[in-house]
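S.K.: Below is a structure I'd like to ask you about.
The values are calculated or read from the model by the stated rules, or taken from the named source; none is laboratory data. Given the structure is predicted, the values throughout are model-derived calculations rather than measurements. We place every Cβ from the backbone using ideal geometry, glycine too, and count neighbours over all the protein chains shown.
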């Protein structure tokens, strides 16, 4: 298995788990943790893309609210402790990706001559 296959398989796994969490959260969970969402079914499909991407945070917050570990005032306050670390990690990741992309050079086989695809393209 090469890197590309591993990345694709990882993203597929992330998406499948996210879809399952989105299905459970939108049908069952949102009614249990937010009384204002009870009976409001029109906006729920709008939540699907977000839940697909951040399903670990959704599960964590759902668990916190269900087990009453989160204080009532903290229920709607965003989780900000990890934001600074996430910003630093993503910034470093972007720099590493750009540097890696610029440093890896592909070479063109020298023995292959270019072929003109159509005569109208040169005019």
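S.K.: Can you say whether residue 37 is at pLDDT below 90 and surrounded by 12 or more Cβ atoms within 10 Å (Cβ to Cβ), as far as the supplied structure shows? So that I can check it myself, show each step before the final result.
M.R.: Numbers: at pLDDT below 90: yes; surrounded by 12 or more Cβ atoms within 10 Å (Cβ to Cβ): yes.
Against the criterion (at pLDDT below 90 and surrounded by 12 or more Cβ atoms within 10 Å (Cβ to Cβ)), residue 37 qualifies.
Matching residues to (1) under 30 Å from residue 60 (Cα atoms); (2) surrounded by fewer than 10 Cβ atoms within 10 Å (Cβ to Cβ); (3) modelled with pLDDT of 70 or more:
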site: 78; (1), (2), (3): yes, yes, no
site: 84; (1), (2), (3): yes, yes, yes
site: 95; (1), (2), (3): yes, no, yes
site: 112; (1), (2), (3): no, yes, yes
site: 119; (1), (2), (3): no, yes, yes
